[in-house]
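The values are calculated or read from the model by the stated rules, or taken from the named source; none is laboratory data. In this text, all values refer to a predicted model and were calculated from it rather than measured experimentally. Every residue, glycine among them, receives a Cβ derived from its backbone with ideal geometry; neighbour counts consider all protein chains shown. Each accessible area value is taken on the protein alone, full model and side chains, heavy atoms only, with ligands, DNA and RNA left out. Shrake-Rupley method; radii C 1.70, N 1.55, O 1.52, S 1.80 Å.
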Amino acid sequence: MDSTKQDFQPRTFSIKLWPPSESTRLMLVERMTKNLSTESIFSRKYGLLGKEEAHDNAKRIEEVCFASADEHFKEEPDGDGSSAVQLYAKETSKLMLEVLKRGPRTTVEPEVPVADTPLEPADSVFDISGGKRAFIEADEAKELLSPLIKPGNAYKRICFSNRSFGIGAANVAGPILESIKKQLTEVDISDFVAGRSEDEALDVMRIFSKALEGAVLRYLNISDNALGEKGVRAFEELLKSQDNLEELYVMNDGISEEAAQALSELIPSTEKLKILHFHNNMTGDEGAMFIAEMVKRSPNLESFRCSATRIGSDGGVALAEALGTCTRLKKLDLRDNLFGVEAGLALSKTLSKLPDLVELYLSDLNLENKGTVAIINTLKQSAPQLEVLEMAGNEINAKASQALAECLTAMQSLKKLTLAENELKDDGAVVIAKSLEDGHQDLKELDVSTNMLQRVGARCFAQAIANKPGFVQLNINGNFISDEGIDEVKDILKSGENSVEVLGPLDENDPEGEAEDDEEEEEEEEDDGELDSKLQSLKVEQDD
């Protein structure tokens, strides 16, 4: 008995956190690339990295940090790898910050249009947005804002984001801001009343608005404040005094029809505006009409974002027509709205008037084949210089593939192409992949995930990008590619100039799935058309 007990030992199990998988490492590189190339307080202070430079830095950072963490892990092989993971994360954050502070190479131009003003020295930027979000009251505000009252300070750009000001703190900030407003050119008061009651938040906004009235700003960010109409009007004094704005950000602000109308009414001049960004608002068709009025008054607009704003066909048509006056537009982002075919057709007419367009984001707009083909036929003639084209989630199928292929053949400057969440299947994939195979030496990213692709389609896309220099990622996830097909894709990539590392994650690929039969789809489309006609006379009332 004793010996039996002695021989029995309970088993212990441990989860190894190190090393991370290849897909995890790739995802980290892509996340760092996005962070390094996205506008932030650092980019305005030190300059914005281009996507290619950001990716090069991200890859270098990941490799250095992985090697360092791996050495650390080897010194304690019996551990679970948690300390290696912590070191990996800590070092990547540290090196990213160094890259951001170093700024872009002098040969790289910022991708987001900015005013042609020289970068200011570091002491011209006052930024309290770092660290965790926090509530601040009067005493802390006095200490936090004390550098702004030092005689001779040269602060021109202030960022109060990520700090929630109460009435006491606002009353401290008001006189300080008023004393320096003549030297200010950029103000970021996004997300500065989080967690406050509506009444208190509105009072804080009024205090800031009064204090900053008359400041000659080129940049204003009032995003993430749940403004609504009341909030917009709380900023009345500040907005009414702005005649020189070049950049305006009003994102995630609950901008309804009434709020959009207030915004349009209160800003006296948008003639110098180069960047106008709305995102994640509740604007709808009626609100889009007022945004369209602002756009019409902004002939120098270079970057316009109006994504995830619940805009339907009528609002989409109005916006499309208004954008025809913005002939200097370089970046247009209308993703995640309810435009439909009619707005797509209107947009196709406008795109011919935008000769400088470089980035175009039209995903999730319900464009269908008809709207898509109209747009790409225009782009083929008017925008061969396009570098980014996103048309995911638009119900595009193989019937549009020939027109799309002809358009892509003309776009030899393309760096990123996204056609995810459509219905291309292998028939469409073969045609589109063929158009990308020759030329397109600058192509870095191709996303054809969730397109009912099988072995043939996946293989064609792999062949299309296998020998492109500097290619970064091929996303074929969410399809129906057999295990043999995946092996073929990897073999193609290995035998080309690019390695298998450019292949994105495949965790959502279904090797045993099958694309729907076309005949069944056509029957469903006929049924849908019949149902559509029956619903024409119905009107859905939207709750407030």
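Looking across segment 468-495, just one residue is polar (S, T, N, Q) and at pLDDT below 95, and that is SER495.
Only one of the numbered conditions (1) farther than 16 Å from PRO505 by Cα; (2) touching a strand residue (DSSP E or B) at 6+ places or on another chain (Cβ under 6 Å) is violated by GLU445, and that is (1).
Residue-wise test of (1) open to solvent by 50 Å² or more (accessible area, probe 1.4 Å); (2) under 21 Å from ALA420 (Cα atoms).
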| site | (1), (2) |
| --- | --- |
| ALA464 | no, yes |
| LYS468 | no, yes |
| LEU474 | no, yes |
| ASN477 | no, yes |
| GLU484 | yes, no |
| VAL489 | no, yes |
| ASN498 | no, no |
| GLY504 | no, yes |
| GLU512 | yes, yes |
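Residues that are over 26 Å from LEU97 (Cβ atoms), touching a residue at least 40 places away in the same chain (Cβ under 8 Å) and not aromatic (Phe, Trp, Tyr): does segment 185-196 have at least one? Within segment 185-196 (the criterion being over 26 Å from LEU97 (Cβ atoms), touching a residue at least 40 places away in the same chain (Cβ under 8 Å) and not aromatic (Phe, Trp, Tyr)), the answer is yes, since at least one residue qualifies. Does segment 441-450 contain any residue that is crowded, with 22+ Cβ neighbours inside 10 Å and either in the same structural domain as GLY50 (by the TED database) or more than 26 Å from VAL29 (Cα to Cα) (or both)? No. Looking across segment 401-426, just one residue is in a helix (DSSP H, G or I), open to solvent by 10 Å² or more (accessible area, probe 1.4 Å), touching an Asp or Glu at 6+ places or on another chain (Cβ under 9 Å) and more than 13 Å from PRO384 (Cα to Cα), and that is LYS425. Answer with yes or no whether GLU321 is within 30 Å of ARG206 (Cβ to Cβ) and either open to solvent by 40 Å² or more (accessible area, probe 1.4 Å) or hydrophobic (A, V, I, L, M, F, W, C) (or both). Spelling it out, it is not the case that GLU321 is within 30 Å of ARG206 (Cβ to Cβ) and either open to solvent by 40 Å² or more (accessible area, probe 1.4 Å) or hydrophobic (A, V, I, L, M, F, W, C) (or both).
To keep it simple, each residue is scored yes or no on (1) over 21 Å from the mean Cα position of the chain (by Cα); (2) under 22 Å from GLU52 (Cβ atoms); (3) hydroxyl-bearing (Ser, Thr, Tyr).
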{"position": "ASN366", "(1), (2), (3)": "no, no, no"}
{"position": "GLY371", "(1), (2), (3)": "yes, no, no"}
{"position": "ALA400", "(1), (2), (3)": "yes, no, no"}
{"position": "LEU414", "(1), (2), (3)": "no, yes, no"}
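Report yes if LEU365 is within 22 Å of GLU293 (Cβ to Cβ), open to solvent by 40 Å² or more (accessible area, probe 1.4 Å) and either at pLDDT 95 or above or touching a Pro at 6+ places or on another chain (Cβ under 6 Å) (or both), otherwise no.
Answer is no for this residue.
For LEU503, are the conditions met, namely being touching a strand residue (DSSP E or B) at 6+ places or on another chain (Cβ under 6 Å) and either modelled with pLDDT of 95 or more or among the polar types (S, T, N, Q) (or both)?
Values: touching a strand residue (DSSP E or B) at 6+ places or on another chain (Cβ under 6 Å): yes; either modelled with pLDDT of 95 or more or among the polar types (S, T, N, Q) (or both): yes.
Criteria met by LEU503.
Residues checked against (1) modelled with pLDDT under 95; (2) open to solvent by 20 Å² or more (accessible area, probe 1.4 Å); (3) under 24 Å from THR378 (Cα atoms):
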| position | (1), (2), (3) |
| --- | --- |
| GLN261 | no, yes, no |
| PRO268 | yes, yes, no |
| GLU293 | no, yes, no |
| ARG297 | no, yes, no |
| ASN300 | no, yes, yes |
| ASP314 | no, yes, yes |
| VAL317 | no, yes, yes |
| ASP333 | no, no, yes |
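When LYS230, LYS240, LYS181, LYS210 are checked against the criterion of being closer than 22 Å to ASN300 by Cβ, among the charged types (D, E, K, R) and touching a residue at least 24 places away in the same chain (Cβ under 8 Å), LYS240 stands alone in meeting it. Scanning segment 352-362 for residues that are open to solvent by less than 10 Å² (accessible area, probe 1.4 Å) and under 21 Å from the mean Cα position of the chain (by Cα) turns up LEU357, LEU360, LEU362.
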